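Just below is one structure, and these are the notes that go with it.
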Amino acid sequence: MDKQSIIADEARYVMQTYRRAEMVLERGEGVYLYDTDGRRYLDFMAGIAVVALGHSDPEVATAVAEQAATLTHVSNLFHTIPQVGLAQRLVEHSFADRVFFTNSGSEANEGALKFARKWARARGGEGQHEIVAFGGSFHGRTMGALSTTYKAIYREPFAPLVPGVCFAPFNDLDAARALISDATCAVIVEPVQGEGGIHAATPEFLRGLRALCDEHGALLIFDEVQCGLGRTGRLWAHEAYDVTPDVMTLAKPLANGLPIGAILVTEDVAAAIGPGEHGSTFAGGPVVCRAAQVVFDRVSRPDFLAAVAANGDYLRRRLRALDSPHIVDVRGAGLLVGVELDVPVAPILAAARARGLLVINAGDKVLRIAPPLIVTPEHIDDAVAILSECVGQA
Ligand code: PMP
């Protein structure tokens, strides 16, 4: 099938919820993608911060093929070996005592909010059901996760949403203090906001939220769907803050592109949810969990994380050295980088694509750079050279 007919069929048969670029991707290898015209792209978005080990990673591919040929799905009514192996890894390398698996980031946040409601009901009664979220947040598109997602255009068409959610400005501890009360069951926050424009929480903010949650008996939920699992150069983004949550949600990179999410919880939270009170047919299936074990074992290595941190620093240094009047700020952590411009970013994304570089936005004026975590300084040099031309011509 040729490219134009694929694009025409998409327009005919698929719901038009995505603005897709006019290209059909066919194959990937490492940090490169190839379209049906045989063009090569340097992928500095990694499927929106997902493909941590790069495309078609041989070890992941082998694990998936072997597992698919061994056992693909049995439901969560039985024990399986890959799921428990992944759970053990996540627990032994985090604050958490237990894991609940999901299929996406939204589903992970959905579950985290449900767990908070149930946990609080057992302790504080019916009155402790409010949830505090923050300006600029993105927690997903399902009703509960959406209710805690800040952007009005995502939420308002679907109102009424889950009641009891309020928003404080991000990094404004006084505003958070005014909203968090004994009626609060959970505070949900991204340690580094992704969709909202690549904004890191300040240490005072996250530590202050921890103290407020402790004071009022509320759960602190860290959404590390985008910033977690090595993206910031630490296994968990919150490690940089010396603060631990009660609940952490993960998804995007966990199985290098296969659908998976996870909710990591303390024993105290886990004890509030009994058999039959939450579930998911596909979640934690053998194939995705085998893939995730490969990802986890590679990404959690200290040398791998050190390389992410070093390459992230190098990328920011190179971007800061660009001589463009349009660049307002270069920020981020590890390989989650935001370049704030004083012009709309959409034409720059298109210009970069035309030159063989894939990057993404985070809001209208922030260029988001989130390559596979395996990039090298040479890839970074290539990407920065293209970006320099594109931003220079903006
Ligand atoms: N939380 C964060 C921080 C995210 O960045 C995203 C996705 N952009 C989600 C939740 C939702 O994840 P998913 O699209 O897998 O439902």
- prompt: Can you run phi through the Karplus equation (6.51, -1.76, 1.60; θ = phi - 60°) for segment 263-275 and list ³J(HN,Hα) in whole Hz, with x for Gly and Pro?
  reply: 10, 9, 9, 7, 4, 4, 6, 4, 5, 7, 10, x, x
task: Quick one: check the C-alpha center-to-center distance for segment 297-367 versus segment 159-208, whole angstrom.
output: 25
statement: Once normalised by the length of segment 71-299, the mean sequence separation of its alpha carbon contacts under 8 Å that are 6 or more apart gives a contact order in percent of 30
- line: Along segment 205-221, Karplus-curve 3J(HN,Hα) (6.51, -1.76, 1.60; θ = phi - 60°) to the nearest Hz, with x for Gly and Pro, reads 5, 5, 5, x, 5, 4, 5, 5, 5, 5, 4, 9, x, 10, 7, 9, 10
- request: Enumerate the amide H contacts of N256 below 5 Å, restricted to partners 5 or more residues apart or on another chain; note that Pro and chain-start residues carry no placed amide H.
  value: A52
Debye intensity ratio in log₁₀ form over the Cα atoms of segment 246-290, taken at each q of 0.25, 0.29, 0.32 Å⁻¹: -1.00, -1.08, -1.13
field: Pairwise label distance in nanometres, A21 with M143, each label 7 Å out on the Cα-Cβ vector
entry: 3.7
The chain, helix-only ellipticity at 222 nm - DSSP H runs n ≥ 4, -39,500 (n - 2.57), divided by all residues, nearest 500: -11500 deg cm²/dmol
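In percent, how large is the relative contact order of segment 208-325, given Cα pairs closer than 8 Å and 6 or more residues apart?
Answer for segment 208-325 is 26 percent.
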statement: If amide H atoms are modeled at 1.01 Å from N in the peptide plane, then the residues at a separation of 5 or more from V328, or on another chain, having amide H under 5 Å from its own are E340, L341, D342
- prompt: Of all DSSP beta bridges in segment 71-299, what percent run antiparallel (nearest 5)?
  reply: 40
- prompt: For the chain, what are the per-bin percents of Cα-Cα distances with bins 20 Å wide, up to the bin holding the maximum?
  reply: 27, 59, 14, 0
- prompt: Any idea how far apart H93 and D313 come out in nm if each label point goes 7 Å out from Cα toward Cβ?
  reply: 2.2
field: Modelled FRET efficiency - R0 30 Å, A350 with K114, Cβ distances, 0.05 increments
entry: 0.15
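How much of the calculated P(r) for segment 241-357 lies past 17 Å, in percent of all Cα pairs? Each step should come with its number before you reach the end.
Details: 4989 of 6786 pairs.
Within segment 241-357, distances greater than 17 Å cover 74 percent of Cα pairs.
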- request: Sort 235-243, 302-310, 191-199, 156-164 for me by packing, meaning the mean count of neighbouring Cβ atoms within 10 Å per residue, highest on top.
  value: 191-199, 235-243, 302-310, 156-164
field: Other-chain or far-sequence residues with amide H under 5 Å of T102's (modelled H)
entry: G261, A262, I263, G284
- prompt: Under a point spin-label approximation (7 Å from Cα along Cα-to-Cβ), what is the T70-D182 distance to one decimal in nm?
  reply: 5.3
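Restricting everything to alpha-carbon atoms, can you work out Rg to Rh for segment 71-299 with a Kirkwood hydrodynamic radius? Before the final figure, lay out the partial values.
Values: Rg = 16.6 Å, Rh = 17.5 Å.
Ratio of gyration radius to Kirkwood radius: 0.95.
Rounded to the nearest 5, what is the percent of antiparallel bridges among the DSSP beta bridges in the chain? If you can, show how the numbers build up before the last one.
Working: 31 of 48 bridges.
The antiparallel fraction comes to roughly 65 percent.
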- request: Step through the residues of segment 30-45 one at a time and calculate ³J(HN,Hα) from phi using the Karplus curve (6.51 cos²θ - 1.76 cosθ + 1.60, θ = phi - 60°), rounding each to whole Hz and writing x for Gly and Pro.
  value: x, 8, 10, 10, 10, 9, 5, 8, x, 7, 9, 10, 7, 8, 9, 10
Fully extended contour minus Cα-Cα distance, from L322 to D37, at 0.36 nm per residue: 99.4 nm
- line: Of segment 268-293, those with amide N under 20 Å from the point 7 Å along the Cα→Cβ vector of F78 are 276, 279-291
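Readers should treat all values here as calculations from the given coordinates under stated rules, not as data from a laboratory. Here the structure is a predicted model, which is why all the values come from computation and not from measurement. Positions of Cβ are backbone-derived with ideal geometry, glycine not excepted, and every protein chain shown enters the neighbour counts.
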